[in-house]
1. Considering (1) in a helix (DSSP H, G or I); (2) free of Cβ contacts under 8 Å to residues at least 60 places away in the same chain; (3) of a type outside the set (Asp, Glu), say which one residue B:324 fails and leave the rest.
2. I'd like to verify a number: residues in the stretch A:494-538 that are closer than 17 Å to residue A:623 by Cα, in a loop (DSSP other than H, G, I, E, B) and hydrophobic (A, V, I, L, M, F, W, C), how many?
3. Hey, can you tell me all the residues within the stretch B:170-189 that are within 25 Å of the chain's Cα centre (by Cα) and surrounded by fewer than 22 Cβ atoms within 10 Å (Cβ to Cβ)?
4. Taking the criterion of being out of contact with any strand residue (DSSP E or B) (no Cβ under 9 Å at 6 or more places or on another chain) and among the basic types (Lys, Arg), would at least one residue in the stretch A:640-660 satisfy it?
5. Can you tell me how many residues within the stretch A:442-456 are farther than 17 Å from residue A:747 by Cβ and at pLDDT below 90?
6. Name the one entry in A:295, A:326 that is surrounded by fewer than 18 Cβ atoms within 10 Å (Cβ to Cβ) and within 13 Å of chain B (Cβ to nearest Cβ).
7. Exactly one of (1) more than 11 Å from every other protein chain (Cβ to nearest Cβ); (2) surrounded by 16 or more Cβ atoms within 10 Å (Cβ to Cβ) is unmet by residue A:419. Its number?
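The values are calculated or read from the model by the stated rules, or taken from the named source; none is laboratory data. What you are looking at is a predicted structure, and each value in this text was computed from that prediction instead of being measured. All Cβ positions, glycine included, derive from the backbone under ideal geometry; neighbour counts span all protein chains shown.
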Amino acid sequence: MKKILALVLTGAMCVGLLSACGNGGSSDSSASSASAASSASAVSESSTASTSEAESTPAQRDENTPLVVGYSPFSEKFSPFFASTAYDQDVQGMTQISLLTSDRQGAMIYNGIEGETIEYNGTPYTYYGPADLEIVENEDGTVDYNFTLRDDLVFSDGEPITIDDVIFSMYVLCDPTYDGASTLFSLPIEGMDAYRTGIAKVIDLMQEAGPDNTDFTFWTEDMQKAFWNLENVAPKAIAEEIVKYCVDNGYNEEGDITGAAGNWGFSIPENGTIDDFAEALKEAYAGDMISMIETEAAGSTVADFLPDYEKYEEYVEYAESAPNITGIVKTGDYSMTVKLTEVSATAIYQLATTIAPLHYYGEKDKYDYDNNMFGFTKGDLSHVRSVTTQPMGAGPYKFIKFENGTVYFEANELYYKGCPKTKYINFLETQEADKLNGVTTGTIDITDPSFSNDTVAAIEKANGGELNGDVITVSTVDNLGYGYIGINAKNVSVGGEPGSDASKNLRRAFATVFSVYRELGVRSYYGERADVINYPISNTSWAAPQATDDGYRVAFSVDVDGNDIYTSDMTDEEKYDAALQAALGFFEAAGYTVEDGKLTAAPEGAALEYEVLIPGDGTGDHPSFMILTEARDALAKIGMKLIVTDLTNSSDLWTALDAQEAEMWCAAWGATVDPDMYQIYYSDVANGGANPGGDAYRYGIQDEDLDTMILQARKSLDQSYRKTLYKACLDIIIDWADEIPVYQRQNAIIFSTERVDMDTVTPDITTFYGWMSEIENTVLK
Amino acid sequence: MKKYILKRVLISIIILFIVAFVIYALMRCLPTSYIEAMAREKSMQPGSKSFEEWMTQLSAMYNMDKGIVPGYFMWLGQMFTGNFGDSWYYTIPVVQKFHETVWLSFVMGAISFILELIIAIPLGIIAATKQYSKADYTISIVALAGISLPTFFFASLLKLIFSVKLGWFDLYGLVGRNHQQLSAMGKFLDIANHLVLPIIVLVVISIGGLMRYTRTNMLEVLNADYIRTARAKGLSERKVIYHHAFRNTLIPLVTIIGGSLPGLFSGALITETLFGIPGIGLTSYNCMVGGDIPFSMFYLVFLAILTLAGNLIADILYAVVDPRVRIS
């Protein structure tokens, strides 16, 4: 008896060991702690496996039952000025109104007071807003934005809204010490620069004052001495640091200073010394030691060279800065004008600021428009910051408190669109893994789960087979952004000339092979929840070319002679082969030697091996991963080696990009409403690249025509004109083969069909007109 | 005794100093930090400064631009003035956020601790007195199951059974949807209702260890000579067990219990995260994942203090409870 028992137990133990075999980890792409994720998939799979789930107890349906929305954790920065995460933005957004509202396609409503009726999807919708806007383009090139506010608006505490509140809000955003997310101050508003200068950092002033300055009002002589001594101390120290870094990491031999300098981008004569290197550094930065240290250091920072560095970073008012912004003009109790010095297509999105209450965020006795006082002391936003955690405004709901992981809202009876029908709303902090189950069990009513394959399967099971059913309703919108594979023009080029035809052909070869596998990769990762796009622009943008437009081409579908590679009757396998052959043609045109259908030699400046970075958490968890692995295998057949590097830490990708060392990489862009391309593609090549867009270095496109068109499009307000220009821009970008547009995915909001009256939810939800846009109408059943 | 305590406290301070430094160094060495993420986000806005500029500005603002050792001493200096800084993630002062969240974890910990004692010790005694009987085996199996169950698995299991299938409890959260509309008593009961599942998880996970320990000690004591003498004298079994044996078993038990008291403040990170209870465990998890150095430093140093205090209490209690042990 005992023997049998022992044998049975041993057998059970062995079977237990075997259970460890099997597919390693579910393909869960929800981003939460690993343990929660694996247990959650176990929970959702087994809960959906059973067909008879308990009815979640319906809450008492009286008019005081709160609507509960599940949100990812908050950072408590609930201020219209300083909110940074999307969730904090939503919280403060519930309590605020903006000067202008937008329609379902992201366009601004100019006649908010009377209302504007615009058709969407065949249905006419009327949009209202607190203000009207009239844009006047003057003959001298300046533009006037004339705002007229309704005169009957009040904040949730009863205080009437006047144009002073708008002006106050704008001045907070334009204050020199403002460090929030808005960039209103970067618009070409008349008088903006004059207002914001006059307050500057000590270190910048010191730089300007020069080494012989004797005015020590804002800094001490010791500070000045230390700063100007940098020239003598820093270059050598940085040079030594760089050499040590290169030697330690094996890039150069010990003592090979010329080599290390070369790796860092500086050429010094053979057998150079540290002093030679230091001289080169000093010369390259012509006295601006701060930039030199910031850019070239291999570990140290400016603070290492200047003791008490925070004193140098202090803001001081050194000069008579302008007391006001001449371009912001109050023209009446409920009207104002903002004058821009030039036409800017993107200005309107920034100008439609939140109308924040002056009497709450500022101090009323510090507001006197005629005497240049705008509700706070210039340079001191402490009063505004002090109420960051308690927002108040004229929005549909009042913020009550944030307690026990819940934000409590109460309806604002004085809301200008009418008192919201649901009296109480709670935003409940929810872990990603609990979002879906929270809706099915009745803990929450509405939430935004990550729209992965597992989520879709779980929703379908809960509904009994369909995506929209009696338990859960799903609303999907295109994500504001798109995924791509990037190729750096400089690092993947022939003969050191990124813009030559040979270089473009080299990149086109890769692009063609990547492109043919896009459908496969995107379908397997996203299923039906994403589309392959053919232009590097999000489908949510009005400037995105549609398949029905003239001149719409599938990306990278022509060979080196301009003929279509694919025909409509090809099988997938034939398409892959055709792409590979076309790539071979491109490689040949780029200068590669082709023998027997294989690459045997690369031209000068190019290679037979390239690396692509992909932030797939080390497990290949990325939509483009399959594209890369398939491409790698295909390219290997023709003798080109593609190394796919899966980065576990995604910040390594950004470091490589910033250092301009990456050859190819996978990432995604978050788009803005306006398709302005300045930030990403403007190279300023006509001026030698003096003032490029902030992210233009990533692709390295340097095309004068592209630059010209980008500037022209920015400065026009005519949408159809801009659309034509942007189409031409997109064609040039595709021509350079620096960006392969891959996917446009969808986001989802899920509603509990059992508890939320779906007829009252905002109809036709889009990327720009979310479910909260008409929250005043949403009720529970 | 007093000299002993004093000596131990002084040594603890030195250990704390070193431990805090190690924690600080580790946090500084994290590959992505909060300010890096912040600088990256800010630099991506149109028209804003470059990433390097933001890094320099933010590094100076958050004292990250100094080396590890100077930075540590600055943090230490501020700590002595009671200023632990503002949490980067939550914006409000670290101490304030801590104060808001720690009491919830303490209450949860205290309740589960008391329940644990009430359940584990009697069961351990029964298992010991009825050694090798069915009761003993059952209790031992339950104990082992409790020890072997990972927290996240058991918590998810409970959520599945009681929330998804039976619908008896909310899936997560500390308060229900109607919390604000309830009376004061209603609010109290609402929170109690939401704490039932987390406390069950905490209790089940920890009774195993305590039960086994009680049983072992009890067995050891029951085999001692003086117990045989007591039985020989003719005392009732009840008196033998509860008057003589149990009191001697208590000696090591009290030390363990005393040593784990400070741990009540540390919060149960996994349980709180899974049940959405905004205690110190969940808060510190959010901060650590977000790379919030001030809060993480404060919390980890706090844990270090608790551990040292726990050890000290355990050692002292041992001397207090057992007259044979004298601290020299």
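1. With (1) in a helix (DSSP H, G or I); (2) free of Cβ contacts under 8 Å to residues at least 60 places away in the same chain; (3) of a type outside the set (Asp, Glu) applied to residue B:324, the lone miss is (1).
2. Taking the stretch A:494-538 and keeping what is closer than 17 Å to residue A:623 by Cα, we get A:511, A:513-534, A:536, A:538.
Now restrict to residues that are in a loop (DSSP other than H, G, I, E, B): A:517, A:527-529, A:533-534, A:536, A:538.
Applying the additional criterion that residues be hydrophobic (A, V, I, L, M, F, W, C) yields A:533.
Number satisfying all stated conditions: 1.
3. Step one: list which residues in the stretch B:170-189 are within 25 Å of the chain's Cα centre (by Cα), which gives B:170-175, B:188-189.
Matches in the stretch B:170-189: B:188, B:189.
4. No, every residue in the stretch A:640-660 fails to be out of contact with any strand residue (DSSP E or B) (no Cβ under 9 Å at 6 or more places or on another chain) and among the basic types (Lys, Arg).
5. 1
6. Values: A:326 fails: within 13 Å of chain B (Cβ to nearest Cβ).
Criteria check complete, one pass: A:295.
7. For residue A:419, the failing item is (2).
Yes or no, residue by residue, for (1) more than 13 Å from every other protein chain (Cβ to nearest Cβ); (2) in contact with a Phe, Trp or Tyr (Cβ under 8 Å, 6 or more places away or on another chain); (3) closer than 16 Å to residue A:87 by Cβ; (4) part of a helix (DSSP H, G or I):
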| site | (1), (2), (3), (4) |
| --- | --- |
| A:454 | yes, no, no, yes |
| A:457 | yes, no, no, yes |
| A:465 | yes, no, no, no |
| A:469 | yes, no, no, no |
| A:475 | yes, yes, no, no |
| A:482 | yes, yes, no, no |
